[in-house]
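These notes are about the structure you will find just below.
The values are calculated or read from the model by the stated rules, or taken from the named source; none is laboratory data. Everything numeric in this text was worked out from a predicted model, so none of it was measured. A quick note on method: Cβ atoms are made from the backbone with ideal geometry, for glycine too, and the neighbour counts reach across all protein chains shown.
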Amino acid sequence: MEIPVRGYDSELSLRDLLSGISEDRLGAVMSVLLDSKFRVVAENGDLIAGETIAFNEASNRISLSYDLESVGYLETISTEKIDEAKLRAAVNLLQLLMKSGARYFMASEMHIEVVKSDYEELQRKHAALLESESRYKALAEQLDERVKEQVKMIDSAQRQLYQAEKMASIGQLAAGVAHEINNPIGFIKSNLSAAQSYVKKCRSMADLVKSEGGEKLVNAWKTADLDFVLNDFDALLQESISGSDRVARIVADLKGFSNVDQAEEESVNLNDNIRSVCNVAANQISSQAEIVLELGELPMLRCFPGQLNQVFLNLLLNAAQAMKTRGEIRIKTNFSNGKIGIQIADTGSGIPAEALPRIFDPFFTTRDVGQGTGLGLTVSRDVIMAHGGFLEVASEIGVGTTVTIYLPVVE
């Protein structure tokens, strides 16, 4: 509701000035004081207090002033002359009441003005707050959309990062795996060729047995050295079977390693994953370092095994490439305080102290140009963090580097 405001400096009428006292109380006081009929009238003739009397009946008429201006009159009528002192006292009383009323009026009007001003200011601030809230809401919605877009971009970039490092690792492994597979395939082929010649000898011996007998058969057996053939034939077949098993194992390990994009978690024993990665990387690492495994008992871990395989391979290759002369890579695993610990320590050249703070930066590498992508440790750290774990690196020049992974096991 709007509050009417006249303004504390507006022109006041006699009724305004005497509004603080009731007409009855004013009349009673004036009657006692004057002891005669009276009336208080405004400049415009409006009766404020007293009795209605004709102007020509008034025996006394005294002007009432406020701020040097006449605002009304005190009129009396009496058959006897009124004491001048009483009349002046009545006028003074009215003047005092008018001044008091004026102060009250100004104070009340000023209060109303202040209240209205505060109310209007509050309304203005409220409107500004609503506008600000509306802008904030729109900004929050825009920010939310931008965050979602950035998250999508980061996810996409991270997938590309994983893929780039995965392809780089697979490229490094390709030659070694090809050599690993070619070795058993080569001796399997050689063994089968020898076995084929043995079969021919056995066939010729069978023909001789059918046509001849006795001494000729014994001489032919010795000439063909069939005792050796039979013994060696069994060894060749056994070696070929072992080679086939080796090829199958290499292919299975490589398949498990390459499964980085697997969408679902699995429960695995990380010792098996470490052995698998060591088998896949054996040919590439064996010329630079001996791998020593000290694997403790581990609980099953819900994880993305392909991604952790990528981490283990990155760390193994880093360790091997740090060797200036053939050294040792020691891998230890343990379970303590609800965490699986995996320690990969090498006897390589070590990392300079000034480079340690940057080793997880994307594309940072201490190797020569073209010797690495600089993504291995970045990807490894991100994978471990995505599994709720963390990774620590300690290194000393000339002594080697130790990387320790901690992964929480959720019951």
Exercise. Report whether or not Ala85 is farther than 16 Å from Arg15 by Cα, exposed (fewer than 10 other Cβ atoms within 10 Å of the Cβ), modelled with pLDDT of 75 or more and not charged (D, E, K, R).
Key: yes
Practice problem: Considering every residue within the range 72-80, establish whether at least one is in the same structural domain as Val114 (by the TED database), assigned to a strand (DSSP E or B), under 30 Å from Glu113 (Cβ atoms) and at pLDDT 75 or above. | Solution: yes
Practice problem: Being without any contact (Cβ under 8 Å) to a residue 40 or more places away in the chain and over 32 Å from the mean Cα position of the chain (by Cα) is the filter; apply it to the range 329-343 and report the residue that is surrounded by the most Cβ atoms within 10 Å (Cβ to Cβ). | Solution: Arg330
Exercise. Mind listing whichever residues of the range 382-411 are more than 16 Å from Met300 (Cα to Cα) and without any contact (Cβ under 8 Å) to a residue 60 or more places away in the chain?
Key: Met385, Phe390, Leu391, Glu392, Val393, Ala394, Ser395, Glu396, Ile397, Gly398, Val399, Thr402
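Going through the range 141-198 one residue at a time, which ones are charged (D, E, K, R) and modelled with pLDDT of 65 or more? Reasoning before the result, please.
First pass over the range 141-198, keeping only residues charged (D, E, K, R): 141, 144-146, 148-149, 152, 155, 159, 165-166, 180, 189.
Within the range 141-198, Glu141, Asp144, Glu145, Arg146, Lys148, Glu149, Lys152, Asp155, Glu180, Lys189 qualify.
Check the range 315-328 and report whether any residue there is closer than 21 Å to Glu265 by Cβ, surrounded by 15 or more Cβ atoms within 10 Å (Cβ to Cβ) and modelled with pLDDT of 85 or more.
Kept after step one, since they are closer than 21 Å to Glu265 by Cβ, are these residues of the range 315-328: none.
Within the range 315-328, none of the residues are closer than 21 Å to Glu265 by Cβ, surrounded by 15 or more Cβ atoms within 10 Å (Cβ to Cβ) and modelled with pLDDT of 85 or more.
Can you say whether Glu11 is modelled with pLDDT under 75, among the acidic types (Asp, Glu), within 30 Å of Val114 (Cβ to Cβ) and under 60 Å from the mean Cα position of the chain (by Cα), as far as the supplied structure shows? I'd like the intermediate steps shown before the answer.
Values: modelled with pLDDT under 75: yes; among the acidic types (Asp, Glu): yes; within 30 Å of Val114 (Cβ to Cβ): yes; under 60 Å from the mean Cα position of the chain (by Cα): no.
Taking the combined requirement at face value, the residue does not satisfy it.
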Exercise. Kindly list the number of the only condition in (1) within 22 Å of Ala107 (Cβ to Cβ); (2) at pLDDT 75 or above that fails for Ser63.
Key: (1)
